[in-house]
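We did not get these values from a lab; they are worked out from the coordinates using the rules stated. This structure is a prediction, so every number in the text was calculated from the model and none was measured. Using ideal geometry, Cβ is built from the backbone for each residue, glycine included, and neighbour counts are taken over all protein chains shown.
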Amino acid sequence: MLKMMWVVLLILVMFMGVLVFISNRKHLLATLLSLEFIVLSIYSLLFVYLISMGLEMYFTMVFLTFAVCEGALGLSILVSMIRTHGNDYFQSFSVLQC
């Protein structure tokens, strides 16, 4: 019963992260933080599932590797956007600009 409560809580946390992600945010940093929140909740769900089934934990290391790569890529895009445009507002960023 306790595992089920953890799973429901983690799914609720993931949907809260998705709600923040799809809401109309002005800053890229808020969007990146909500993505990391979603990744952390998915990792926790994966960890609880693998522990409850008694399986190996190698996949969690692969998942964490991809999550770190995603975070580094997001931060590099953020730094590049701030260097070229001066801020991280979505309104000042246009794909058609050089």
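Summary of computed values
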{"read-out": "Relative contact order of the chain, defined on C-alpha pairs under 8 angstrom at six or more residues apart (%)", "value": "30 percent"}
{"read-out": "Residue order, fewest to most beta carbons within 10 Å, for VAL68, VAL13", "value": "VAL68, VAL13"}
{"read-out": "Cα long-axis angle, helix 28-53 against the chain (0 to 90 degrees, to the nearest 10)", "value": "10 degrees"}
{"read-out": "Exposure proxy ranking, count of Cβ atoms within 10 Å, fewest first, for GLU36, GLU56", "value": "GLU56, GLU36"}
{"read-out": "Sorted by Cβ neighbour density within 10 Å, fewest at the top, the residues SER52, SER34", "value": "SER52, SER34"}
{"read-out": "Principal semi-axes in Å for the range 1-43 [√(5λ), Cα gyration tensor, largest first]", "value": "24, 9, 5"}
{"read-out": "Estimated 222 nm signal from helices in the chain, with DSSP H stretches of n ≥ 4 weighted -39500 (n - 2.57), rounded to 500", "value": "-27000 deg cm²/dmol"}
{"read-out": "Projected area, mean over directions - the range 2-85, Cα convex hull, nm²", "value": "5.9 nm²"}
